[in-house]
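Notes to accompany the following structure.
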Amino acid sequence: MKFTDGHWMMRAGVTAAYPTVVLDAAPTPDGLRIIAPTYPVRSRQDLQSGAVLTIDLTAPMPDVIGVRLTHHAGAATKAPRFELFPDESATAAVSVDDTTAVLTSGGLSVRVGRAGPWRVELVAGDRVLTTSGAEDMAIMTTADGEHHLRERLTLGVGDAVYGLGERFGPLVRNGQVVDIWNADGGTSSEQAYKNIPFFLTNAGYGVFVNHPGLVSFEVGSEDVSRVQFSVEAQSMQYFVIHGPSPKEILARYTALTGRPALPPAWSFGLWLSTSFNTSYDEETVTGLIEGMAERDLPLSVFHFDCFWMRELSWCDFQWDTRTFPDPRGMLARLKARGLRVCVWINPYIAQRSALFEEGMARGYLLERPNGDVWQWDLWQPGLAVVDFTNPEAREWYASKLDALLDLGVDCFKSDFGERIPTDVVYYDGSDPELMHNYYPYLYNKTVFDLLRKRRGERDAVVFARSATVGTQQFPVHWGGDNLSTPQSMAESLRGGLSLTMSGFGFWSHDIGGFEGTPQAWLFKRWIPFGLLSSHSRLHANYSYRVPWLFDEEAVDVLRRFTTLKASLMPYLYQAARVAHLDGVPMMRAMVVEFPDDPACTHLDRQYLLGDDLLVAPVFTDDGTVDYYVPAGEWTHFLTGQRVSGPRWVRERHGFDSVPLLVRPGAVVPVGAVDDRPEYDYADGVTLRAFGLADGATVTTVIPTVAGDVACTFTTTRRGDTVHVEADNPPARWRVQLDGADPVDATGPALTVHS
């Protein structure tokens, strides 16, 4: 929200009050409290009226500092609030003298000047990361009486801002206006399904605004040298999170707001959908699945979209027996083929649904202030919204899903959750404005908790669209309704990278686009991008996404990259473990991995998949692609060709190829199986070493499908000799140096001469 009219003036009707002086600074049990009048204090008589800001500084964990601004402390505390996971053992060092009040948390300090102009500094070591100076922190009142708290933090020359959820515009947020308000707007607008009030910078810090409702960000826009955020409230808290690297910032942010669960290994295989508005029954489904099998196309999950239920009845969680007369038998037949089954759900109950009267009678549906059930006709006629603040409603909703699990369903596509009304009353008294963004957390937690209870900690997965802070704990999330155009393919990638820079470890999208039918060339270009994402799904609106409907070459392309992904599972599942354990996402914008390389600042058409694989999707028919190679000698994983950086490269790739480069000095484990994502990753694994420098030592962890550690290899190069030692070695394994013939090993160690 903009408050000013240019640099010098306020907008019509806006009045501002800024802290001007530190009247008092004193330690508290939680940290440090600053009392800051918004007017000059020359004598005692000045201290009789006028607005005063109370600023509470805390340290919820090392290298994280909380800043809470409060005007009127008597305002009611409203629910919901984000669930946070502070380090209970964290301590803060506080010092106060005549000139400065300081709170230090780990390597991060906040300094508040007590003399001279108002100035708050966030400092790491000897480096000032950002500041809030005169007229930055403010109480803003509008002409219609709205009360806002605002903060502005300085942006240094070259400082770039990222994140704020899954946003589809340019990856760098500088110059953008971002309102944190979930909306069902597709992937081609400023609206977003997943709005996260957290941003990451390349300047050594990130900021999380701890407010579930609408947060307005002006990122180098209203004031081009500042990032501004504001809420309509009497109190606002934000956390400054020190890195200094982007990966360290993400690790600390996810430690505070929740780390993602580890998705089951089978979920990393290919998902195939009925699509949405296509005509389908068991014969159609079987035909699609058999068509994949006949063409040797590995398939892991089959998804039934909305019309598994009867029209106008979503959601009643009952199979449409006109098209699926034997759902239990059908699911058993699919499971006999080795498939998992996913079905579509949403949190809305149509008036025609048998659950509508049940939910209304029990008080499980959101109501208007006058006691009517809140309804409208958008999406489903007369739909109502489940009130997930009611524990009984959550149990009721989960019981319907539980029956589907009994029938043979394995997981759920938890769609929607963005169009949540604000003219409603919640069971627990939650504030409707705050609940609008928060609703997906309760919705997806309800679904995920059921799956975790029924299937176990390591076998729960959803395919979710909407999200807020903390929802990253319930993977996987996909990018929503994209278009079948190369531009939408690119915007999908931007959205995914933005989301992973907002604390989400896993992400997917609809290969080929959801709306429309892609040209054959575009579908074939999209396949490598889809299979080299953390999760991979073929899904659309009005057309099927099986490759033979495009051309026979599409079949070959899909087979090549589906089998490639399966063979990379020892590498990919370890990257998934890192996302789960440390909060560092599987798919990483280049700046996350190379923050000190200025060429990476704006890159949004390529990414790192895990630590060591660079992926540059091809967006053109003729295969021309431009991408940036950071310093060192990189190797094309598919061809063995070398590329030296730092430099830009232009190449032309066939449909069976994509720039997939290996980082210098990496050891990439490749599995012995390529027709499914879950197998014994250690048995027969090949350690492919690329450009190991003399004296280098590389540790390679091989996970199990249960998410534990199967074995660990340590590779060391000394001159022309590469020595590999295995902790808990498999019966057979191999080492391959820079594309040479692999060397077999059967014991705990192997020495290879290059």
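The values are calculated or read from the model by the stated rules, or taken from the named source; none is laboratory data. The structure displayed is predicted, hence computed values, not measured ones. Neighbour counts are summed over all protein chains in view; Cβ atoms, including those assigned to glycine, are modelled from backbone coordinates with ideal geometry. Side chains are part of the model used for accessible areas, which takes the heavy atoms of the whole protein and leaves out ligands, DNA and RNA. Shrake-Rupley method; radii C 1.70, N 1.55, O 1.52, S 1.80 Å.
Structural remarks
- Single residue of the stretch 645-672 satisfying the filter (of a type in the set (V, I, T) and buried (at least 19 other Cβ atoms within 10 Å of the Cβ)) that is farthest from R732 (Cα to Cα): V658
- Selection status of E190, under 25 Å from F504 (Cα atoms), surrounded by 18 or more Cβ atoms within 10 Å (Cβ to Cβ) and either in contact with a strand residue (DSSP E or B) (Cβ under 8 Å, 6 or more places away or on another chain) or of a type outside the set (A, V, I, L, M) (or both): no
- Qualifying residues in the stretch 57-72 (those that are of a type outside the set (K, R) and open to solvent by 30 Å² or more (accessible area, probe 1.4 Å)) - the one farthest from E151 (Cα to Cα): P62
- Qualifying residue in the stretch 219-230 (condition: surrounded by fewer than 18 Cβ atoms within 10 Å (Cβ to Cβ), among the small types (G, A, S) and touching a Leu at 6+ places or on another chain (Cβ under 7 Å)): yes
- Total residues in the stretch 707-719, condition outside any strand (DSSP E or B) and surrounded by 15 or more Cβ atoms within 10 Å (Cβ to Cβ): 1
- Scan of the stretch 486-530 for residues that are among the aliphatic types (A, V, I, L, M), under 26 Å from P595 (Cα atoms) and part of a helix (DSSP H, G or I), ordered by number: M489, A490, L493, L497, L499
- Against the test of being open to solvent by 10 Å² or more (accessible area, probe 1.4 Å), more than 22 Å from P170 (Cβ to Cβ) and touching a residue at least 24 places away in the same chain (Cβ under 8 Å), the options D449, D481 yield a single qualifying residue, D449.
- When residues of the stretch 720-744 are limited to those that are among the small types (G, A, S) and modelled with pLDDT of 95 or more, the one least open to solvent (accessible area, probe 1.4 Å): A726
- Evaluation of T28 against the conditions (1) farther than 22 Å from Q228 by Cα; (2) open to solvent by 60 Å² or more (accessible area, probe 1.4 Å) shows that the sole unmet condition is (2).
- Flag if I249 is assigned to a strand (DSSP E or B) and more than 23 Å from E491 (Cα to Cα): no
- Taking the stretch 642-700 as the range and being among the small types (G, A, S), under 13 Å from T716 (Cα atoms) and assigned to a loop (DSSP other than H, G, I, E, B) as the test, the residues that pass are G665, G691, A693, G695, A696.
- Put simply, of R458, R537 the only residue that is of a type in the set (K, R), out of contact with any Phe, Trp or Tyr (no Cβ under 7 Å at 6 or more places or on another chain) and not in a helix (DSSP H, G or I) is R458.
- Residue within the stretch 37-49 that is closer than 20 Å to R111 by Cβ and either touching a residue at least 40 places away in the same chain (Cβ under 8 Å) or outside any loop (DSSP other than H, G, I, E, B) (or both) present: yes
- Exactly one residue among T639, T635, T563 is touching a residue at least 24 places away in the same chain (Cβ under 8 Å), surrounded by fewer than 21 Cβ atoms within 10 Å (Cβ to Cβ) and polar (S, T, N, Q), and that residue is T563.
- Of everything in the stretch 550-588 that is in a loop (DSSP other than H, G, I, E, B) and aliphatic (A, V, I, L, M), the residue that is farthest from S245 (Cα to Cα) is L568.
- Residue count, the stretch 130-174 (criterion: open to solvent by 50 Å² or more (accessible area, probe 1.4 Å) and farther than 20 Å from F504 by Cα): 9
- Test: residue in the stretch 498-505 that is closer than 19 Å to L660 by Cβ and surrounded by fewer than 24 Cβ atoms within 10 Å (Cβ to Cβ): no
- Verdict on V629 being among the aliphatic types (A, V, I, L, M) and surrounded by 21 or more Cβ atoms within 10 Å (Cβ to Cβ): no
- A183 assigned to a loop (DSSP other than H, G, I, E, B) and either touching a strand residue (DSSP E or B) at 6+ places or on another chain (Cβ under 6 Å) or free of Cβ contacts under 8 Å to residues at least 24 places away in the same chain (or both): no
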